[in-house]
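Okay, so here's the structure we're looking at.
Derivation of every value follows stated rules applied to the coordinates shown; laboratory data play no part. Keep in mind it's a predicted model, so treat the numbers as computed, not measured. Glycine also receives a Cβ, built like all others from the backbone with ideal geometry; neighbour counts cover every protein chain displayed.
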Amino acid sequence: MREVSPELAESALIGSVLQGTYRVEDLIGTGGMAYVYKATHLRLGGDVAIKILFSNLARDETKRGRFLREARIQHQLNHPNIVRVQDIIKQGSLSGFVMEWCNGGTLLHMLQKAGGPLSMLQLSNLFPSMVDALGYAHQNDVIHRDLKPQNILLHVAGDSIQPKITDFGIAKTVGELGLTRTGEVMGTLEYASPEQLKDSKSVDIRSDIYSLGVLLYRMATGRLPFTGSPARLIKQVLHKEPPAPIEAPSSLHPLIMRCLEINPSDRYSSCHELRDAFFAAGDIRYSSDSLRVIIPTHIKTEDLFTDTGAGYKTEDFGGESEKQLDSSSCEIEELGSPTDPEPLKHFRASDTMEKRSSAQWWTSALLVGITLALVALLFLFYLRH
Ligand SMILES: Nc1ncnc2c1ncn2[C@@H]1O[C@H](COP(=O)(O)OP(=O)(O)OP(=O)(O)O)[C@@H](O)[C@H]1O
Ligand SMILES: [Mg+2]
C-alpha cells in the first residue's frame, strides 16, 4: 500500500491510501465539481464514499473553503435519511470529505429504470423519509437548495430501502448570506423554485418544499412539470401553473400542485405539514413516533424497485453483489442507533391485520348469533300455531 503524494491526479488515486486510513478502490461518479470514489476504511473495515474536489477548484481558496464548510454543515446533520459526512480529507493539494457508503445508486437511476411513474408503494416508502430528512435540516436552520434525483442516494439494508439526501452542496444556513455571488442561479433548473430562479440568496425553506413538489411530480408521473430550453423553462416556472400530474394517483394531485404554487405563501409552510398531507392523501398508516412506512408483509423489498417489470439490482450501481431480499415480516423493533436523532420504531404490519381479522371474527359471530335467534323464534312461532 502506498501513501498518496500531494501531486497525484484524481485518476491516479485508485489504490492509494488517504490520510493513512482510506484505501481508494474505485471511481464511482463525477459531478459538477468533484469526483466520488468508493474506498475501504482500513481500520474499521467497511466501505465509504470519498468526494474529492476537482483540482482546478481546489486551487481556488474561496471555493475550497466553501466546499469544506458545506461538508461540515452536512456532518452536523445527524439523521438516518441524510448521508453522514464522517471526515474531512486535506492532503497536499487534495480536498475532500468522507461519507457513509450508499449501495443502491441514486433516485435518478431508479427513475430511469422504472421508465415511468413509481407505484404508490414505492412513493410511500421513499417520499415521507425524504420530507422528514428535509424537515430535520430545516429545524437545524439548513436549507438544501439543490434537491434533485441525483442528490437522493439509496441504501439497501436488510429488508429496507432508505433514501438518503446528500450534497447540501449549496446549502445555506438560515441567516447567513453572502457566500454566493448575487445573480448566480444555484441549484438545478428543473427543480429550482421560482424565487430561487429570481434571486437564490433570498430563499427560505419553502423553496425546498417547491423542489420536493417537483421531485414528487417526477416520481409519481415519470415526467417533469416543465421542460425545454433554459429560457423557456425559467419563463414557465416563473409564470405558469404546472400541467396537472394526471398519471399520479388522484389523491396526490392537490398536494403536488400546492407544493408547486408560484407564491411561496400558498405552499405548505413546513415539511411537517407536507408529510401529514402526504399520509392523509395516501391513506398510509404510521406510528405516532415513527416515520417509517409500513411495508405490507407479503411484499418483498425488491418489488419496491421493480415497478414496470424493470429489474433493479444493487450490483448495477457500485459493484455490490445482487441482493435477494425477502421481507417476510415487519416486526416492532427499536431502531435507535448512534446516528438516529431519536429512536424510531418499526410498526408491525401484522398488528393492523390482527385487529382487522379480530373485528371480522366478531362481526361473523354476531351475524351467526342473530341468525340462530331468528331461527329459534320462527321455530317457537311454528310450535305455538
Ligand atoms: N455517499 C455515496 N455513496 C455511494 N455513491 C455515491 C455517494 N455520493 C455520491 N455517489 C455517487 O457519485 C455520483 C456523483 O455524485 P456527485 O454528487 O458528485 O454528482 P451529481 O450529484 O450528479 O452532481 P452535483 O455536482 O450537482 O452534485 C452520484 O451520482 C452517485 O452515483
Ligand atoms: Mg450530487
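Key figures for this structure:
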{"read-out": "In nm, spacing of pseudo-spin labels at Ser364 and Gln139 (7 Å Cα→C-beta vector)", "value": "4.4"}
{"read-out": "Cβ-based charge dipole, region 1-138, positive-most Cα from Thr40, Leu68, Leu134", "value": "Leu68"}
{"read-out": "Cβ-Cβ FRET estimate between Leu224 and Arg72, R0 fixed at 41 Å, reported to 0.05", "value": "0.80"}
{"read-out": "Stokes-Einstein D in µm²/s, Kirkwood radius over Cα pairs - region 23-156 at 10 °C with 1.306 mPa s viscosity", "value": "99"}
{"read-out": "Projected label distance in nm at Leu383 and Asn56, using a 7 Å step from Cα toward the beta-carbon", "value": "10.1"}
{"read-out": "Under-5 Å amide H pairs with Glu25, H placed in peptide plane, nonlocal only", "value": "Gly15, Lys38, Ala39, Thr40"}
{"read-out": "Extension gain, Val375 back to Gln19 (0.36 nm per residue minus Cα-Cα distance, nm)", "value": "119.6 nm"}
{"read-out": "Dimensionless Rg over Rh [region 2-100; C-alpha; Kirkwood]", "value": "0.94"}
